[in-house]
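Visitor: Below is one structure. I have some questions about it.
Please treat every number below as a calculation from the coordinates, not as lab data. Not measured: the values here are computed from a predicted model. Note: ideal-geometry Cβ built from the backbone for every residue, glycine included; neighbour counts use all protein chains shown.
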Amino acid sequence: MAAASGHAVWLNPKMGKYLWWQYGVIYQIYPRSFMDADGDGVGDLRGITNRLDYLAQLRVDAIWLAPIYPSPMNDFGYDVSDYTAIHPMFGTVADFDRMIEAAHARGIRVILDLVPNHTSDDHPWFRESRSSRRSLKRDWYIWHEPAPDGGPPNNWLSEFGGSAWEWDVKTQQYYLHTFHRSQPDLNWRTPDVQEAMLDVMRFWFDRGVDGFRVDVMWHLIKDDQIRNNPLNPDYDGSHPYRRLIPIYQEDRPEVADIVAMMRGVADEYEERTLLGEIYLPIERLVAYYGPDGRGVHLPHNFHLLTEPWEARRLAEVIDAYERALPAGAWPNWVLSNHDFPRIATRVGPEQARVAAMLLLTLRGTPTIYYGDEIGMVDVAIPEESMQDPKAQNMPGFGLGRDGARTPMQWTAGPHAGFSVGAPWLPVADDYARSNVEVNLGADGSMLTLYQRLTTLRRSERALATGSYAAVPAAGDVLSYLREEEGRRFLVALNFGGTRASLAPPGLRLLGEVIESTHPRRRRKTIDGVVELDAHEGVVVRLA
Ligand code: GLC
């Protein structure tokens with residue numbers, strides 16, 4: 001790809017040069033909701049292409065697109081019925097090629113979503129598999145005899161509620177579905193399945209795709225003896241799936257071999273990357289880097305998304321993560337995604353600014369979720385009107401995801417400028433005040449803060465690839481140092497609603513505030529103590 005990103009080559013003393021997925025910023029697009037060019041109320045590829053200049057202005061280095069393949073859309077594209085085509089709702093292969101070309105011309109890489117754990121039940125592979133017990137593709141999926149009482153083969157649960165097994169009347173066996181019953185799990189122990197999915201990767205790599213985000217990577221292979229999961233003695237009632245501890249269903253030892261196969265395919269090409277969706281505690285998460293570089297480049301680190309928003313807790317998590325990283329492993333951080341309430345909804349508008357500064361100054365590749373850069377909040381959609389199968393299958397748990405997937409707010413015009421037609425999900429009520437147009441160029445706006453921080457990361461490599469060291473702090477303050485080639489930056493973040501200060505013993509604090517979540521406090525001189533307003537975060541360049 002042309003080096004149009006404006007990035008100088010950054011050398012890494014140990015690895016030669018830093019690669020785009022290390023110094024870069026990734027931006028997650030939920031294609032159904034980003035920009036609709038054809039007016040059917042659902043976003044599309046032409047819409048994305050039309051907004052690439054916006055993304056270039058935001059200084060993102062890569063976009064990751066949630067699935068754009070043909071699909072019955074029971075799980076909004078995570079139920080794929082053809083892995084090597086584009087859903088007509090999103091456009092054509094020609095639209096896709098144009099999008100890649102236009103992105104690359106702007107120095108923006110393109111990452112696709114790979115959904116290897118399951119297909120749609122409408123995929124020809126599954127239709128063939130379920131046609132008869134003697135089908136040549138029978139072992140492409142996980143079929144089992146009923147238990148002696150005729151019920152499901154074991155106690156495994158679906159992440160979308162109920163048993164993970166569905167009875168097939170015609171062939172009188174159960175098939176496994178970790179998610180919706182229309183998403184049967186592939187059997188990754190079958191070599192033909194492995195080959196078929198690795199070929200899907202090659203198909204898109206050959207078309208110029210720069211990487212994949214691999215859906216539910218830690219689920220890919222299950223216990224071959226399908227042993228029952230133990231009961232969870234600490235179950236808190238928050239999610240039916242957690243009634244059991246899924247030790248036989250998730251994070252099985254054999255998953256490492258599959259990850260290594262995928263890495264092997266990525267390594268057949270230049271500078272391609274793999275992100276793994278992995279919700280596991282830190283010590284297991286980092287195992288997915290694999291031994292000797294045979295794992296994924298970036299096992300997605302969701303701890304900013306799942307941990308309570310407290311300075312002391314996050315300080316512990318960041319340190320634990322930094323300590324756990326194997327040699328040569330590159331860190332990464334995620335604040336929001338399409339499966340959880342947005343950051344501004346979880347922590348409020350003031351802390352969302354602190355969160356932006358944290359995400360963009362921590363060591364490691366940040367992933368921004370579309371709309372977070374303008375402070376979008378979840379739309380309160382009543383559970384009964386949610387389209388998400390998770391809400392429909394498990395009512396009463398507040399697990400529906402529609403609220404975080406609403407249309408991008410571009411302008412104060414009809415449908416927030418997202419579409420000329422009626423959008424598939426409601427636009428947020430506040431869109432006339434909260435949109436890209438009013439944010440652009442406004443000094444105190446969230447978008448300006450994001451842009452200033454992404455710009456700073458590009459000009460000060462200490463903030464992108466530099467070392468990380470925790471700075472002792474107390475109460476609501478979280479602080480750390482970033483350093484490279486003699487340039488040192490102190491980041492201090494106030495997670496609380498009252499003023500706070502930082503004067504760490506043994507560290508000579510002399511410098512200038514070069515960035516603050518509170519614009520009027522920029523350019524302040526620091527001598528000995530960093531004073532923080534309520535909900536303020538600062539980046540101090542140390543002398
Ligand atoms: C991943 C996706 C989620 C989807 C699920 C099943 O967790 O992020 O949106 O529902 O996988 O494919």
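Visitor: What does the charge count near ASP79 come to, summing +1 for each Lys or Arg and -1 for each Asp or Glu among other residues with Cβ under 9 Å from its Cβ? Present the calculation step by step, with values, prior to reporting the outcome.
Guide: Details: positive: none; negative: ASP75, ASP121, ASP122.
So the environment of ASP79 carries a net charge of -3.
Visitor: Taking the simple approach of a point 7 Å from Cα along Cα-to-Cβ for both GLU271 and ALA85, what is their distance in nm?
Guide: Roughly 3.3 nm, to one decimal.
Visitor: Where does helix 446-459 land angle-wise versus the long Cα axis of the chain, in degrees 0 to 90, nearest 10?
Guide: 80 degrees
Visitor: Normalised radius of gyration for the chain, please: alpha carbon Rg relative to 2.2 N^0.38 Å, two decimal places. Intermediate results must be reported in sequence, preceding the final value.
Guide: Working: Rg = 23.5 Å, N = 543, 2.2 N^0.38 = 24.1 Å.
Here the answer is 0.97, to two decimals.
Visitor: Whole-Hz Karplus ³J(HN,Hα) for the stretch 226-239, in order, using 6.51 cos²θ - 1.76 cosθ + 1.60 and θ = phi - 60°, x for Gly and Pro?
Guide: Taking θ as phi minus 60°, the curve returns 6, 5, 5, 7, x, 5, 8, x, 9, 4, 9, x, 7, 7 Hz for the stretch 226-239.
Visitor: Let me ask something else. Can you tally the net charge around ALA62? Count Lys and Arg as +1, Asp and Glu as -1, for every other residue whose Cβ sits under 9 Å from the Cβ of ALA62.
Guide: Working: positive: ARG109; negative: ASP61, ASP210.
Residues close to ALA62 contribute a combined charge of -1.
Visitor: Considering the zone a paramagnetic label at ALA380 would reach in this model (a point 7 Å from Cα along the Cα-to-Cβ line), which residues of the stretch 423-449 have amide N under 12 Å from it?
Guide: Within reach of a label on ALA380: 429.
Visitor: Under the 0.36 nm per residue contour assumption, what length would be gained going from the current alpha-carbon distance of ARG323 and ASP224 to full extension? Walk me through the numbers before you get to the answer.
Guide: Details: separation 99, 0.36 × 99 = 35.64 nm, distance 3.34 nm.
Fully extending the segment from ARG323 to ASP224 adds 32.3 nm.
Visitor: What distance in nm separates the two pseudo spin-label positions at THR525 and PHE203, each 7 Å out from Cα along the beta-carbon direction?
Guide: That separation, rounded to one decimal, is 6.4 nm.
Visitor: Tell me which lysines have Cα within less than 18 Å of LYS137's Cα, excluding those fewer than 8 residues away on the same chain?
Guide: LYS170
Visitor: Could you tell me which of SER467, PRO519, LEU478 has its Cα farthest along the dipole of the stretch 467-542 towards the positive end, charges placed at Cβ (Lys, Arg +1; Asp, Glu -1), taken about the Cα centre?
Guide: Toward the positive end, the furthest listed residue is PRO519.
Visitor: What's the local net charge at ASN393, with K and R +1, D and E -1, over the other residues with C-beta under 13 Å away? Don't skip to the answer; put the middle values down first.
Guide: Values: positive: ARG181, LYS390, ARG401; negative: ASP75, GLU159, GLU166, GLU383, ASP388.
For residues surrounding ASN393, the net value is -2.
Visitor: Next question, about the same structure. In the chain, if the dipole is taken from +1 on Lys/Arg beta carbons and -1 on Asp/Glu beta carbons about the Cα centre, which of VAL436, TRP218, TYR279 is farthest to the positive end?
Guide: VAL436
Visitor: Just subtract the alpha-carbon distance of PHE397 and ALA432 from 0.36 nm times their residue separation and send over the number in nm, one decimal.
Guide: Numbers: separation 35, 0.36 × 35 = 12.60 nm, distance 3.13 nm.
That pair, PHE397 and ALA432, stretches by 9.5 nm at full extension.
Visitor: Kindly state, to the nearest 0.05, the FRET efficiency for GLU485 paired with ILE514, given R0 = 22 Å and r defined as their beta-carbon distance.
Guide: 0.80
Visitor: Where in the stretch 28-66 does the label zone of ALA105 land, with the point 7 angstrom along Cα→C-beta and an amide N cut-off under 19 Å?
Guide: What the label zone holds, given the 19 Å backbone N cut-off, is 37, 45-63.
Visitor: When a/c reaches 1.5 or more, the comparison of a/b and b/c decides; with that in mind, is the stretch 116-185 rounded, prolate or oblate per its Cα gyration tensor? Please list the in-between numbers first.
Guide: Numbers: a/c = 2.15, a/b = 1.16, b/c = 1.85.
Here the stretch 116-185 falls in the oblate category.
Visitor: Which angle between 0 and 90 degrees, to the nearest 10, do you get for helix 311-324 versus the longest principal axis of the chain when only C-alpha atoms count?
Guide: Computed tilt is about 70 degrees.
Visitor: Calculated FRET efficiency, LYS17 and LEU280, Cβ-Cβ r, R0 35 Å, to nearest 0.05?
Guide: 0.70
Visitor: To the nearest 10 degrees, how steeply does helix 349-361 sit against the main Cα axis of the chain, on a 0 to 90 scale?
Guide: 90 degrees
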